[in-house]
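Below: one structure, written as structure tokens.
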Amino acid sequence: MIGKALSRALLEKGYHVVVLSRTGLETRYAIRNTGLTNKTLENHGSRISHPASLKYAHWNIETNQIDNDAIATADHIIHLAGASVADKRWTKKRKQEIRDSRVKSGKLLVNSLKNIPNRVKSVISISGIGYYGPDNSDRNAFKEADAPYNDFLAQVCQQWESTMQPVTGLGKRLVILRTGVVLSSEGGALKEFLKPLKFGFATILGSGKQIISWIHIEDLVKLFISAIENENYSGVYNAVAPNPVSNRKFVLEMARIKKKFFIPVHVSSFVLRTVLGEMSVEVLKSAKVSSKKIENNGFSFHFPVIKSALNDLLKKDPGPNPG
């Protein structure tokens with residue numbers, strides 16, 4: 001979802017985009033700036049018709065294979081690794097997939113940069129605010145310098161980020177974006193929140209008091225491009241909007257936009273734990289995360305508050321689902 005939105009925006013700005021892919025579920029983007037800003041792009045869902053500026057190349061993290069030319073000709077690499085943490089129950093096998101898809105892919109990219117002659121200036125890697133633990137009602141928002149938590153997802157985020165750190169020793173600028181809940185009309189968390197509304201139910205999870213740190217897909221894409229183009233970006237940044245909200249406020253605001261009449265329904269913590277297992281920890285966790293560092297770096301949000309973000313995403317036709 002993020003990769004498709006980002007590649008569209010990059011192509012519109014005149015970049016060449018090379019998508020490294022083994023399957024449709026795992027994509028990485030190696031990007032070369034070409035200055036072809038006057039080209040017209042035709043966007044049909046997930047297809048962007050522009051043979052001169054969009055190409056596909058092969059890689060396989062299990063066999064450590066990668067297209068050498070994709071690395072050799074790139075100016076910037078954006079690493080969007082990872083099997084979804086929300087698609088399946090966290091069995092032992094699934095947890096290993098979540099970890100390996102991030103760590104192995106990162107190692108392959110780092111080793112490729114070591115062994116393949118290249119001109120890469122920067123590597124922009126995604127991470128997650130799962131790095132932090134649950135907040136307390138009396139604590140300030142998490143900042144980038146705060147210590148990591150010790151649960152499964154926090155450990156994955158630490159390994160994920162550590163895998164990419166050798167990039168700096170190669171003379172490349174490394175930016176890591178710890179991303180919150182990404183809101184998009186094309187899928188992701190918002191799609192799941194909307195499902196019960198089809199039947200008139202606004203489902204509040206647990207107490208509803210837990211804080212959601214979120215970001216509109218348009219702002220996240222803008223942040224990735226800023227990280228490419230602005231050399232002041234270096235190190236770790238929280239990629240979240242400046243105004244996190246409670247689960248209850250999020251759900252009710254969404255319901256008011258979509259429905260004239262709806263019934264608020266609480267789904268108990270017990271039910272969530274029964275249905276989701278260990279993954280329920282993330283659904284019920286309150287995570288208030290600060291955006292001050294990226295704002296101090298000069299980044300401005302187009303959607304700083306949840307009402308404007310949801311109005312934009314829910315009141316416009318999202319177009320064909322790129323699926």
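The values are calculated or read from the model by the stated rules, or taken from the named source; none is laboratory data. Because the structure is a prediction, the values reported are computed rather than measured. Note that each Cβ is placed from the backbone with ideal geometry, even for glycine, and that neighbours are counted across all protein chains shown.
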Subset of the range 188-220 that is crowded, with 17+ Cβ neighbours inside 10 Å and among the polar types (S, T, N, Q) - its residue that is nearest to TYR132 (Cα to Cα): SER213
Test: residue in the range 274-289 that is closer than 14 Å to PRO134 by Cα and at pLDDT 95 or above: yes
Only one of LYS95, LYS114 that is over 27 Å from ALA239 (Cα atoms), part of a helix (DSSP H, G or I) and either in contact (Cβ under 8 Å) with a residue 12 or more places away in the chain or not small (Gly, Ala, Ser) (or both): LYS114
Matching strands (runs of 3 or more DSSP E) fully within the range 190-250 where at least 1 residues are under 15 Å from the mean Cα position of the chain (by Cα): 214-216, 235-239
Flag for GLU42 being at pLDDT 85 or above and of a type in the set (Asp, Glu): no
Selection status of GLU161, in a helix (DSSP H, G or I) and either modelled with pLDDT of 90 or more or on the phi > 0 side of the Ramachandran plot (or both): yes
Residue identified as touching a Gly at 6+ places or on another chain (Cβ under 8 Å) and either in contact (Cβ under 8 Å) with a residue 60 or more places away in the chain or of a type in the set (A, V, I, L, M, F, W, C) (or both) among PHE224, PHE262, PHE199: PHE262
Conditions (1) small (Gly, Ala, Ser); (2) part of a helix (DSSP H, G or I); (3) more than 20 Å from ASN150 (Cα to Cα): number failed by SER300: (2)
The range 94-120, subset of a type in the set (Lys, Arg) and either within 22 Å of the chain's Cα centre (by Cα) or at pLDDT below 95 (or both), residue nearest to THR163 (Cα to Cα): LYS107
Selection from the range 68-93 of residues that are farther than 21 Å from VAL221 by Cα, charged (D, E, K, R) and either within 22 Å of the chain's Cα centre (by Cα) or crowded, with 19+ Cβ neighbours inside 10 Å (or both): ASP87, LYS88, ARG89
The lone exception for SER280 - which of (1) touching a residue at least 24 places away in the same chain (Cβ under 8 Å); (2) in contact with a helix residue (DSSP H, G or I) (Cβ under 8 Å, 6 or more places away or on another chain); (3) not basic (Lys, Arg) it fails: (1)
When residues of the range 168-181 are limited to those that are in contact with a helix residue (DSSP H, G or I) (Cβ under 6 Å, 6 or more places away or on another chain) and either surrounded by 15 or more Cβ atoms within 10 Å (Cβ to Cβ) or among the acidic types (Asp, Glu) (or both), the one farthest from PHE303 (Cα to Cα): LEU174
